[in-house]
Amino acid sequence: MEIIPLIIAAAISGGTSLLFAVLGGILNEKAGVINLGTEGIMLIGAVMSAIVFIQTNNLFITLAVVLIATGFLGLLHAFLCITLRANQTVSGLAITLFGTGLSAYLGKSVAGVPIPVSIPKVELDWLDAIPIIGQIFSGLDIFIWLSIALSIILYVYMYKTAWGLHLKAVGDNPSTSDAMGISVAAYRYFHVIAGSMLMGVAGFYLIMVYSPNWIEGMTSGRGWIAIALIIFARWNPIYALFGAYFFGGLDSLGFRMQIYEFNIPSYFLKMIPYAATIFILMFIGWKNRNKPSVEPKSLGNPYFREQRL
Amino acid sequence: MSQSANVIEMKDIVKTFGEVVASNHVNFEVKKGEIHALLGENGAGKSTIMSMLSGIYRADSGDIYINGKLSRIRSPKESMELGIGMVHQNFRLVDTLTAVENIILGEKSNKWRGSSWMKKKIEEIEELADKYGLTFPTKVPIWQLSVGEQQRVEIVKTLYRGAEIIIFDEPTSVLTPGEVEQLFLTMQELKRNGKTMIITTHKLKEVMTIADQISVMRKGTMIAQMSKEEATIQSLANLMVGQNMADEGFSIKVIEKGKPILDVQNLVVRTKLRINAIDRINFSVHEYEIVGVAGVAGNGQKELAEVLTGLMQLYSGQIVFNNEKLTAPSVQQLIDKGIAHIPENRMKSGLAGSLGIIDNLMMKTYRSNARAKFGLMKKKENMEWAANLIKKFDVRTPDMVSPVAQLSGGNQQKLLFAREIDINPKLMIAVHPTQGLDVGAAKAVHEMLVQLRDSGSGVLLISEDLEEVMQLSDKILVLYNGKINGVIDRGQANREVIGQLMAGLNYKEGAFYEPEIVV
């Protein structure tokens, strides 16, 4: 039974990067904008973290630069999709391709350089005293607690505040929201940029904690899994928490099984999270086939006030 | 009354969409406390004028004075701040939110929305709604509300925002007669409370019932303004249509029906929820015959139309078309066999809104050799062919390529008829073909259906407009609860009998009605 808390702890640390990305994606999509740039934005976040931290050795400056850089990518996506009303899929894919290429180029000087970082850990004696739970939550780093808090904050934001109501309205029916005096563009810009910054934090966490040295394309598809996880989580930040840990668990399971030298090819083990994505999406689609969809109704549609209905 | 009592004054308003002039130097005045009807056919420019007042469109030129002050209304928000509220034809409600959430949408005060705050708001809104006799469920998502209830939510929404001027854009087009009556009572109540109201409509009887003052628009220009006392239904109709067509009776000659073209036997159509939407019905449609299907919405009309056009499959029974039994036909097969279809919602399943005239006209014939060769479209021939069709069917359009969504409802419907009639159908299935159309366009549609019959096709006309069904049909089937609750021949039809059959009188649960009973 010793192994269960270990697996859960591994799931949490493996899932935290995903969680940031999923929360960012939820903010984008709730406002009605698909952001397929997740993978590219995460990569830019990761490579900027490596470069800035190796130069400055300062966690705050690093995080600030990551937020600015990825916020800028979010601004670009927002400008293309909201102001220029470009196709959101194309814009997102372009940002992923751009981010992948740029991060590979920028990362050349820091490739493989170990990042000597120590993230502050949270030690809570009273929590450690509880059996099993104490074992799981003992000594988790500060960003894990931050991501859990963020899930709860976003949940409250989305379901218990005026902004959350407006956000839902903007994502479901922008023309009505406009008629009710809500600025559709402002809401969309804000949430696309803020969401993209969270995707940047996902990259930051991945390289600063989970796997502390830059490797080209090191997100290896996590951005895409995050996009699938948004559906899995039914656009709810609390479900996103569990979804991310579930996939995080699968990810570290594959990793660990290699260590224990099961006689399974490592490529097969690495495939687990991606295969699981497909099966889970099939399962969810089947389970909810008769339920009304919770997807934001105008997801993917640019809004133009004078368009005739 | 003096000029200063005008709460709204619009002067010399011009607005164009592409090359279509929607509003041509329009002047419009509304006095405080009156119910002002803005009358006109579809596409006359009523909605455009109203959308300018509510900040959705901006005028190209012209001035708007609200309460005597020159106002620039640049957004719905600014319109709201000026005390103008609009009840839109297509409701501006977020389907997924509750009535209360919709009403408080956009409210900036109090960011935190705990349950005690929501409870207070619900009480406040229920109180406001009660004051005007407007009731609706406040806690379920909007999509679960009836159309009438949704409209009440819209009205309360404008009141909650302190609107003094309320614009109703075609408010009755979606309502049942009972709901219309209730709406008018509400409007009287609002008037007693000092609100000013503008109602846009093309229904003359309603104008005469509710309005104090009447303005008439035609083709983007303001034709006349008068008080109700000065107006008669006849004079308004003439002004609105522009020619003395409204009083021309509709004549249809009785002709001998031909051989049966469609024969439906013991048909059962079952929905996904395993309910028999169509339950063991028998009827036939002959050549040279219009068969009308009357009934209250939701009694199986939709399923009947869908099964006959291949959109749904039958559950049991059989459909014989032109002496050939149809088993699980595809839509394409039915088109090839000569079944034309005017669907219920022309913009949803009839036309592709973002495509132009030519593309929409070719949708059913693009495979034919006349339209394409080796899979390549014959551009020049198609252009000529389309130009001929729109001339023949009098579709008014700025050009052949601009999106058909920009055409008025009447022109869209004529375009749809052009496409369907051009394939020389043996059977035409027309579902609510004049819904939302003005007098002129509806008349054109009726003529096309009669012409089709006179040239030997069978027509199945499914409509909720009893007047239309009675006027056109050689035989009327009344659907109730998925069954045929009575068959009436031309001449024997009268409103009372059909109304009773529609309401389910004479109907016995489980009873099986023989086809061709004459009531």
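The values are calculated or read from the model by the stated rules, or taken from the named source; none is laboratory data. From a predicted model like this one, the values you see are computed outputs, not experimental measurements. Positions of Cβ are backbone-derived with ideal geometry, glycine not excepted, and every protein chain shown enters the neighbour counts. These area figures cover heavy atoms from the full protein model, side chains too; ligands, DNA and RNA do not enter into them. Shrake-Rupley method; radii C 1.70, N 1.55, O 1.52, S 1.80 Å.
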Looking at B:L334, A:N28, B:M80, which one has the Cα that reaches farthest to the positive end of the dipole of the protein assembly as shown (charges on Cβ: Lys, Arg +1; Asp, Glu -1)?
A:N28
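For B:E149, B:E229, A:E123, write out the residues from largest to smallest accessible area, computed with a 1.4 angstrom probe and no ligands counted.
Working: B:E149 50, B:E229 150, A:E123 115 Å².
Ranking B:E149, B:E229, A:E123 by accessible area, largest first, yields B:E229, A:E123, B:E149.
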Between B:Q225, B:I122, B:G45, whose Cα lies farthest towards the positive end of the dipole of segment B:6-241 when Lys and Arg beta carbons carry +1 and Asp and Glu beta carbons carry -1, centred on the Cα centre?
B:I122
Within segment B:6-241, what percent of beta bridges assigned by DSSP are antiparallel, to the nearest 5?
55
Which order do B:K46, B:K32 take by accessible area at a 1.4 Å probe, largest first?
B:K32, B:K46
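What FRET efficiency do you get for A:I238 and B:K139 if R0 is 30 Å and r is their Cβ-Cβ distance, rounded to the nearest 0.05? Each step should come with its number before you reach the end.
Numbers: r = 22 Å, r/R0 = 0.75.
Taking R0 as 30 Å, the efficiency between A:I238 and B:K139 is 0.85.
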Quick calc: nm separation of the 7 Å Cα→Cβ label points for A:Q258 and A:V117 -> 2.1
Karplus-derived 3J(HN,Hα) from phi for segment A:144-152 (6.51 cos²θ - 1.76 cosθ + 1.60, θ = phi - 60°), whole Hz, x at Gly and Pro, runs 5, 4, 4, 5, 5, 4, 5, 4, 5
So how much accessible area does A:V184 have, in Å² to the nearest 10, using a 1.4 Å probe?
10
What residues qualify as long-range amide H neighbours of B:G45, i.e. H under 5 Å apart, gap of 5 or more or another chain, H built at 1.01 Å from N?
B:G220
Long-range amide H contacts for B:A340: which residues qualify at under 5 Å (H placed 1.01 Å from N, peptide plane, sequence gap of 5 or more or a different chain)?
B:K426, B:L427, B:M428, B:I429
For an R0 of 51 angstrom, estimate the FRET efficiency from the Cβ-Cβ distance between B:K272 and B:Q492 and round to the nearest 0.05.
0.85
When chain A is modelled as a GNM with alpha-carbon springs shorter than 10 Å, which of A:W235, A:W214, A:W163 fluctuates the most?
A:W163
Under the definition of partner shielding as Cβ atoms of other protein chains within 10 Å of a residue Cβ, what is the mean value for peptide A:162-170?
5
Karplus (6.51, -1.76, 1.60) ³J(HN,Hα), θ = phi - 60°, over segment B:363-369, in Hz, Gly and Pro reported as x
4, 9, 10, 5, 7, 6, 5
Please list the non-local residues whose amide H lies under 5 Å from the amide H of A:T161, H modeled 1.01 Å from N, same-chain partners needing a gap of 5 or more.
B:R113
Just to make sure I understand: if all protein chains stay in place, what is the order of B:V439, B:V254, B:V450 by accessible area at 1.4 Å, largest first?
B:V254, B:V439, B:V450
Can you give the FRET efficiency to the nearest 0.05 for A:L124 and A:S220, using r as the Cβ-Cβ distance and R₀ = 56 Å?
0.95
Tell me, what ³J(HN,Hα) does each residue in segment A:43-48 have, in order and in whole Hz, if you take phi through Karplus 6.51 cos²θ - 1.76 cosθ + 1.60 with θ = phi - 60° and put x for Gly and Pro?
5, 4, x, 5, 5, 5
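Can you give the charge dipole size of segment B:1-114 about its Cα centre, rounded to the nearest 20 debye, using +1 on the beta carbon of Lys and Arg and -1 on the beta carbon of Asp and Glu? Present the calculation step by step, with values, prior to reporting the outcome.
Numbers: 14 positive and 13 negative charges, 85 e Å.
Taking the Cα centre of segment B:1-114 as origin, the dipole is about 400 debye.
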Have a look at A:M180, B:V254, A:P212 and report the one farthest towards the positive end of the charge dipole of the protein assembly as shown, computed about the Cα centre with Cβ charges (Lys/Arg +1, Asp/Glu -1).
A:P212
Cα centre as origin, Lys/Arg/Asp/Glu Cβ charges: the protein assembly as shown dipole, Debye:
1180
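Quick check on the protein assembly as shown: helices-only [θ] at 222 nm, where DSSP H runs of length 4 and up contribute -39,500 (n - 2.57) each and the sum goes over total residues. Nearest 500, please.
Numbers: 29 runs with 371 residues, N = 828.
Helix contribution divided over all residues of the protein assembly as shown: -14000 deg cm²/dmol.
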Given the protein chains as shown and a 1.4 Å probe, how many square angstrom of B:E164 are accessible, to the nearest 10?
80
What accessible surface, in Å², does a 1.4 Å probe find on B:E344, ignoring ligands, DNA and RNA and rounding to the nearest 10?
80
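Taking the DSSP beta bridges in the protein assembly as shown as the whole, what percent of them are antiparallel, to the nearest 5?
Values: 48 of 86 bridges.
DSSP beta bridges in the protein assembly as shown are roughly 55 percent antiparallel.
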Taking the Cα centre of segment B:6-241 as the origin, how large is its charge dipole in debye, to the nearest 20, when only Lys and Arg (+1) and Asp and Glu (-1) carry charge on their Cβ atoms?
600
Angle between the Cα long axis of helix B:379-392 and the longest principal axis of chain B, 0 to 90 degrees, nearest 10?
80
